[in-house]
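The values are calculated or read from the model by the stated rules, or taken from the named source; none is laboratory data. Owing to the predicted nature of the structure, the values given are computational and were not obtained by experimental measurement. In this analysis, Cβ positions are derived from the backbone assuming ideal geometry, glycine residues included, and neighbour counts consider all displayed protein chains.
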């Protein structure tokens, strides 16, 4: 048997020799187990409740203790690292800073917890030293420690027993699933991909409502990971395996499009790369493969990535090579296709377990129930303590004269305290509070305030008691708080999901790729979608009928868009149902589109005016009515409603124009039938909620009405087109005299003014029949859809028109 002994010391009369015989096998086992447990529990694996390793938890907690909240200024990262290392994390500063940097990188975490200021690195470059960078907490990080001072979690001594640190954070959202985690422990490892916050919260809320929900029900909310760098996930069977057993594998592909990168050469434009893969890594691998003659058809590789446009890696293809075939080689031989092995290992009650999707959500939801319950108990206790003091003070105020008399006639404070307790039946705490209260608080007004406070405290205590005594109310509260987090910080999915390499990207169902596209609406009510590409440069080709596109909106195939109608309704339109048109060169044409009536039910006389995205971060809609009302609509479109009102119209009024603002810097333009044009910045119109009725947009003369409303970007070339109506002419195609004027000839005026004249009427003309303002070049068509020629530009804003060769029924700008 192996034996470890100590070397005998020199002889000493006072020294008692002690030699311990230790089995080396037992010593190695014990020491290794202690080391393994330390690595597993205190370093490498995240807690399933808050999704954090100890170093991440200590960074977030210490930043909160330092007051580095989102509304405060930045401080040097070195200061944060020093505080964390000195008080909570007795390890090297490099490991702390590395963890902090990762928490600030938007390409590493789906919801960054640190708001970084400075160079925090990239996928190919290291960050600057911590003495150069600055940081503070992000909004999501503040949610991780929200209510931590309300006895929501347990605290434990730090490494030297002089400080206290939380064993887990309250975690207002499922951070482990949202941001993922990776780490290597002893004998085990974890590798968890990030997910979409909105999808994870939806699954958690479904589990709260239906605790026995199966995996299929949860995957309807969380169809797969959502990586910060986007890309396309291939192999959903591996994702399902991971959600079911905690282990699985899928592949990530770059997002690539084939474009004309030079007049003579096509290229592959990479806009998204697999998770943790940087462009320099891809470029280096491509050059190695080309040099080894294992990759054919590559002419050049350029990295055009910048802060404004994001990732853009251009791979030029030699003439004579098929870009699609070259792309398949790139997927096989370079990191443009990478594998991700899911291994959901996390700590549950201090034990490392492999968890599926439902188990991860259950652990988090149970933790959140505990946090909210403890928070409610803490708040109820605080309010009860305060109510106890208020009740005592109110008792004293009833007979304040006697209270003062007792105090004045007492020998000392102790005697006064005892006499007050005996006389009024008060507790020790109440009596001490009365004695400590200054006389200026004992007025009649303060009594009213105290009674109001007592009533409010009783209501809050009753509400907290109702939550604590009802499991249903507790679940409802937790669910509503999760929904609020998702609404505030939720973002659109970035990663497309594919069943296989040859199948389109899907969500649920998994048939059609959620690729970017454009939805078009023609003047005759045809709708279609086209793939997103560079705008066609050739606009001189032969135009087809119905090719005047009056509205176009960029979206994706699995999204919804809104259709604004003349009656003030916004109808939800599913993009995937629309016919797909090829992205051909030349002017846009909707030949092959489908009538809007096949997808939406419009009332008699109701017309579709424009398309709009349903993105709540956009500047919203601008509407103009026949009676001169203008409105900017706050983009608040509930996902569970397909028919919404965006304005409350007055009797007899109707919307004549609607447009989705792109930047909010556009000019709003009214044109009336008495040839008045008013132009003013959209910023002069305050955004309103959907039920509002708008505000005065233009001052109308008696008998006049608005016939055109639109928004024009003052930074682009635009024109104004008007057609005068002859006396006795009915409302129909514009057969009168027409005028085309540069938009910059019309000065800006204030909102609700009368504007300026845009066309001088000739003898026999009594108003405008048709008017439009928008970007050049303008396109016109007859009622049959045939192209119509426009008159030459007239620089006179109030000049008269010239006869038209063909009557114009509709006019619009470039799509």
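Taking the range 313-333 as the region of interest, how many residues are within 26 Å of residue 120 (Cα to Cα) and either surrounded by 19 or more Cβ atoms within 10 Å (Cβ to Cβ) or in contact with a helix residue (DSSP H, G or I) (Cβ under 9 Å, 6 or more places away or on another chain) (or both)?
The number of residues fulfilling the criteria is 1.
For the range 494-521, which positions are at pLDDT 55 or above and more than 18 Å from residue 532 (Cα to Cα)?
497, 498, 499, 500, 501 - these are the residues of the range 494-521 that are at pLDDT 55 or above and more than 18 Å from residue 532 (Cα to Cα).
I'm told residue 191 meets every condition in (1) part of a loop (DSSP other than H, G, I, E, B); (2) touching a strand residue (DSSP E or B) at 6+ places or on another chain (Cβ under 9 Å) except one. Can you identify the failing condition by its number?
The single condition residue 191 does not satisfy is (1).
Identify, from the list 43, 79, 110, 69, the residue that is modelled with pLDDT of 95 or more and within 42 Å of the chain's Cα centre (by Cα).
Being modelled with pLDDT of 95 or more and within 42 Å of the chain's Cα centre (by Cα) holds for just one of 43, 79, 110, 69, which is 79.
Report, by residue number, each residue of the range 207-224 that is within 21 Å of residue 245 (Cβ to Cβ) and in contact with a helix residue (DSSP H, G or I) (Cβ under 7 Å, 6 or more places away or on another chain).
207, 213, 215, 217, 218, 219, 221, 222, 224, listed by residue number.
Taking the options 419, 386, 380, name whichever one is closer than 30 Å to residue 211 by Cβ and modelled with pLDDT of 85 or more.
Result: 380 is the single residue among 419, 386, 380 that is closer than 30 Å to residue 211 by Cβ and modelled with pLDDT of 85 or more.
Name the one entry in 693, 754, 750, 703 that is out of contact with any strand residue (DSSP E or B) (no Cβ under 9 Å at 6 or more places or on another chain), in a loop (DSSP other than H, G, I, E, B) and either over 22 Å from residue 802 (Cα atoms) or without any contact (Cβ under 8 Å) to a residue 40 or more places away in the chain (or both).
703
Would you point out the residue of the range 118-136, among those that are in contact with a helix residue (DSSP H, G or I) (Cβ under 6 Å, 6 or more places away or on another chain) and surrounded by fewer than 17 Cβ atoms within 10 Å (Cβ to Cβ), that is nearest to residue 280 (Cα to Cα)?
124
Go through the range 289-299 and count every residue that is free of Cβ contacts under 8 Å to residues at least 24 places away in the same chain and surrounded by fewer than 14 Cβ atoms within 10 Å (Cβ to Cβ).
Counting residues in the range 289-299 that are free of Cβ contacts under 8 Å to residues at least 24 places away in the same chain and surrounded by fewer than 14 Cβ atoms within 10 Å (Cβ to Cβ) gives 3.
Please verify whether the range 166-182 includes one or more residues that are touching a helix residue (DSSP H, G or I) at 6+ places or on another chain (Cβ under 7 Å), outside any loop (DSSP other than H, G, I, E, B) and more than 16 Å from residue 141 (Cα to Cα).
Scanning the range 166-182, I find no residue that is touching a helix residue (DSSP H, G or I) at 6+ places or on another chain (Cβ under 7 Å), outside any loop (DSSP other than H, G, I, E, B) and more than 16 Å from residue 141 (Cα to Cα), so the answer is no.
Considering only residues that are closer than 23 Å to residue 603 by Cα and at pLDDT below 85, which ones fall in the range 551-570?
The answer is none; no residue qualifies.
Report yes if residue 686 is out of contact with any strand residue (DSSP E or B) (no Cβ under 9 Å at 6 or more places or on another chain) and assigned by TED's automatic domain parsing to the domain that holds residue 801, otherwise no.
no
Filter the range 304-326 for residues that are within 15 Å of residue 258 (Cα to Cα), outside any loop (DSSP other than H, G, I, E, B) and in contact with a strand residue (DSSP E or B) (Cβ under 8 Å, 6 or more places away or on another chain) and give the result.
Scanning the range 304-326 gives 313, 314, 315, 316, 317, 323, 324, 326.
Every residue, every condition in (1) buried (at least 21 other Cβ atoms within 10 Å of the Cβ); (2) more than 23 Å from residue 778 (Cβ to Cβ); (3) modelled with pLDDT under 90; (4) not assigned by TED's automatic domain parsing to the domain that holds residue 624, yes or no:
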| position | (1), (2), (3), (4) |
| --- | --- |
| 695 | no, yes, no, no |
| 703 | no, yes, yes, no |
| 706 | yes, no, no, no |
| 718 | yes, no, yes, no |
| 726 | no, no, yes, no |
| 730 | no, yes, yes, no |
| 736 | yes, no, yes, no |
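So how many residues does the range 261-288 have that are outside any helix (DSSP H, G or I) and either crowded, with 16+ Cβ neighbours inside 10 Å or at pLDDT 90 or above (or both)?
Summing the residues that are outside any helix (DSSP H, G or I) and either crowded, with 16+ Cβ neighbours inside 10 Å or at pLDDT 90 or above (or both) in the range 261-288 gives 14.
Please go through the range 638-671 and pick out each residue that is surrounded by 23 or more Cβ atoms within 10 Å (Cβ to Cβ) and in a loop (DSSP other than H, G, I, E, B).
646, 647
Pick from 328, 337: which is under 30 Å from the mean Cα position of the chain (by Cα) and more than 19 Å from residue 466 (Cα to Cα)?
Unique residue meeting the criteria: 337.
Does at least one position in the range 39-48 carry a residue that is crowded, with 20+ Cβ neighbours inside 10 Å, out of contact with any helix residue (DSSP H, G or I) (no Cβ under 6 Å at 6 or more places or on another chain) and more than 27 Å from residue 184 (Cβ to Cβ)?
No, the range 39-48 contains no residue that is crowded, with 20+ Cβ neighbours inside 10 Å, out of contact with any helix residue (DSSP H, G or I) (no Cβ under 6 Å at 6 or more places or on another chain) and more than 27 Å from residue 184 (Cβ to Cβ).
For the range 345-372, what are the residues that are more than 21 Å from residue 225 (Cβ to Cβ) and either modelled with pLDDT of 95 or more or not in a strand (DSSP E or B) (or both)?
Result: 349, 350, 366, 367, 368, 369, 370, 371, 372.
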